[in-house]
Amino acid sequence: MNMQILSEYLEYLEIEKGLSENTTQAYRRDLTDFIFNFQCELCNIERNQITTYVRNLHERQYSVTSVMRKIASLRGFYKWLCASGYCKTNPIITIEQPKIPKKLPKVVTVQEIELILNQNLSKLETVIIELLYGCGLRVSELVNLKINDYDLNAKYVKCYGKGSKERIVPMGKKAVDALKNYLQERTFTIQKFQLSTKKLLINKNGREMTRQDIYSFIHAQGKKIHKTISPHTLRHSFATHLLENGADLRVVQELLGHSDVSTTQLYTHISKKRLKEVYFSINKG
C-alpha cells in the first residue's frame, strides 16, 4: 500500500507540479529509502520514529546536504499525504533541519574562460561553453534546447528551468557568433544523416548531446586550467562575474531563473571573498 501511495505522489509531482524526471527520480530514491525502514503504514509513523530515522542517516555517514534533502522530501510528501486525506496529522512538521555550513561554489576567472576558448575547440564545443558561461544555463536546460529556442536577430535564447518555468536570456556577441557558426555545421550533419531531431545540440555523428557528454567535456576543459570544474561551475562564474561588474542582484536572479533572491545572494559572498583575495595579494606588506 505504501509503494502504491508513493507512485501516486510521484505522478502528482510530475504531472501537476511539473517537476523534471531527474527531480522526480530523486524523490523516488529518498522516499523509497524512508518507506523501507518501516514495516507500518505511512499514516501510523510517529515523530520519534522519524527522529530515529534521521539519526540513522547521520550514523550511515550521509552528508549534511543529503540529510537535508531527504528531510525536505519527507516534508513535501507528508504535506501531500495530509492534503490527500491519507494522514490526519503530520509527524515531520516539527523535525528540525540540520545546519549546513556555508560553502561557496567554485568559480573560474575570465582569463581561464578565455584560455579554454582559445584551445582548439570544435564549433559545437565553443557554443557549449558560450551558452553555459555566457548565458548561465543549467546543463539540463542546455541539452533540452530546441532548434527554435533562440532568436539571433533579437539576440536571446529561450530555455525551460525547474518546474518547466520559461526563461528568456540575452546572448552576447560571442555567443551569437558561436551559435551562427555551429548552426552551419549542424545543418550539414542533419543533411548528411537525414535527421529529423529538433534538439539544438548534436555531434558530428548525428547523436543528440546528453548531460553526461557535457559533463565529460567540461571536466576535460578543467584539466587544461588545472581545476576540477563542472557545467555548474560556468553558471556560477557567469553570475559572479556579472555581480563583480556592477549588475543588479535582481537582474542576475532573473537571468539565473532563481525563484528566491536569497539563492542568488550567495554569489555576493563569492564576490566579497575574491575582493579580499585581490586586496591582500596587492597589500602583502
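So the check is Cβ under 6 Å with 6+ separation or different chains; which pairs have a first residue in region 67-95 that's free of Cβ contacts under 8 Å to residues at least 40 places away in the same chain and within 16 Å of GLN49 (Cα to Cα) and a second one that's of a type in the set (S, T, N, Q) and open to solvent by 10 Å² or more (accessible area, probe 1.4 Å)? Qualifying pairs under 6 Å: ILE71/GLN97; TYR78/ASN90.
Within region 35-52, being touching a helix residue (DSSP H, G or I) at 6+ places or on another chain (Cβ under 8 Å), within 15 Å of TYR86 (Cβ to Cβ) and not aliphatic (A, V, I, L, M) holds for PHE38, GLU41, CYS43. Restricting region 156-175 to residues that are touching a Lys or Arg at 6+ places or on another chain (Cβ under 6 Å) and surrounded by 20 or more Cβ atoms within 10 Å (Cβ to Cβ) leaves a set whose member that is farthest from LEU201 (Cα to Cα) is MET171. Taking interchain pairs and intrachain pairs at least six residues apart, which have beta carbon atoms under 7 angstrom, with the first residue in region 196-215 and open to solvent by 80 Å² or more (accessible area, probe 1.4 Å) and the second assigned to a loop (DSSP other than H, G, I, E, B)? Here the result reads LYS198/ILE147; TYR215/SER230, each pair linking region 196-215 to a residue that is assigned to a loop (DSSP other than H, G, I, E, B). Counting only helices (runs of 4 or more DSSP H) that sit wholly inside region 169-285, those with at least 3 residues that are at pLDDT below 85 are 261-264, 266-282. Candidates in region 72-90 are the residues that are assigned to a loop (DSSP other than H, G, I, E, B) and touching a Leu at 6+ places or on another chain (Cβ under 9 Å); of these, the one that is surrounded by the most Cβ atoms within 10 Å (Cβ to Cβ) is CYS87.
So which of TYR12, TYR27, TYR62, TYR53 is more than 30 Å from GLU166 (Cβ to Cβ), in a helix (DSSP H, G or I) and of a type in the set (Ser, Thr, Tyr)? Of the residues listed, the single one that is more than 30 Å from GLU166 (Cβ to Cβ), in a helix (DSSP H, G or I) and of a type in the set (Ser, Thr, Tyr) is TYR53. Please specify each residue of region 105-149 satisfying the condition of being in a helix (DSSP H, G or I), open to solvent by 30 Å² or more (accessible area, probe 1.4 Å) and among the hydrophobic types (A, V, I, L, M, F, W, C). Answer for region 105-149, where residues must be in a helix (DSSP H, G or I), open to solvent by 30 Å² or more (accessible area, probe 1.4 Å) and among the hydrophobic types (A, V, I, L, M, F, W, C): VAL110, LEU115, LEU117.
The values are calculated or read from the model by the stated rules, or taken from the named source; none is laboratory data. This is a predicted model, so every value here is computed, not measured. Methodologically, a virtual Cβ is constructed for each residue, glycine included, from the backbone with ideal geometry; neighbour enumeration extends over all protein chains shown. Note: accessible area is taken over every heavy atom of the protein model, side chains too, but ligands, DNA and RNA are not part of it. Shrake-Rupley method; radii C 1.70, N 1.55, O 1.52, S 1.80 Å.
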